[in-house]
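The values are calculated or read from the model by the stated rules, or taken from the named source; none is laboratory data. Note that the structure is a prediction, hence the values are computed from the model and not measured. Every residue, glycine as well, gets a Cβ built from its backbone with ideal geometry; the counts of neighbours run over all protein chains shown.
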Amino acid sequence: MPESFRSLLEVEGLVIGYGKKQVLSGVNIEVMPGEIVALIGHNGAGKSTLLKTVFGLLPAWTGHMTLDGRRLNSLIPRKMLGLGVCYVPQGNRVFTDLTVRENLELVVCVINK
């Protein structure tokens, strides 16, 4: 397949849960290079669960994920940072003595190390 038609991020058939409770079932997402994608849904819909799984904070029960053709299922967050992928939680889980800009610059600094 030509490089221009290959997905940057592909999530296929992902099933995710906490403990024995299944939260998401059969999630499929394809993000092409240059696309901007937003996950929208009410509280508890599974947006953060999906992002945590892609980043490696939660294991996928089944399904697979690839980033630019590289399989992600067994990568830990440190390895994901090396690939330029990060998870930025919402809410007050930031450094409160820093501005929003400084918090974001800190993430960029960590990724570039």
Exercise. Under 27 Å from Leu104 (Cβ atoms), in contact with an Asp or Glu (Cβ under 6 Å, 6 or more places away or on another chain) and not hydroxyl-bearing (Ser, Thr, Tyr): does that describe Glu35?
Worked result: no
Problem set entry | Given (1) surrounded by 15 or more Cβ atoms within 10 Å (Cβ to Cβ); (2) modelled with pLDDT of 95 or more, index of the condition Leu51 fails | (2)
Exercise. Residues of segment 80-96 being surrounded by fewer than 13 Cβ atoms within 10 Å (Cβ to Cβ) and either modelled with pLDDT of 85 or more or of a type in the set (Ser, Thr, Tyr) (or both), which ones?
Worked result: Thr96
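Can you confirm whether segment 40-49 contains a residue that is over 13 Å from Leu9 (Cβ atoms), assigned to a strand (DSSP E or B) and among the polar types (S, T, N, Q)?
Looking for residues that are over 13 Å from Leu9 (Cβ atoms), assigned to a strand (DSSP E or B) and among the polar types (S, T, N, Q), one finds none in segment 40-49, hence no.
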Exercise. Of Leu72, Leu58, which residue is in contact with a His (Cβ under 9 Å, 6 or more places away or on another chain) and surrounded by 15 or more Cβ atoms within 10 Å (Cβ to Cβ)?
Worked result: Leu72
Exercise. Listed residues Val15, Val54, Val27, Val11; which is in contact with a Ser or Thr (Cβ under 6 Å, 6 or more places away or on another chain), hydrophobic (A, V, I, L, M, F, W, C), at negative phi and not in a loop (DSSP other than H, G, I, E, B)?
Worked result: Val15
Exercise. How many of the residues making up segment 18-31 are surrounded by 10 or more Cβ atoms within 10 Å (Cβ to Cβ) and either more than 15 Å from the chain's Cα centre (by Cα) or free of Cβ contacts under 8 Å to residues at least 24 places away in the same chain (or both)?
Worked result: 7
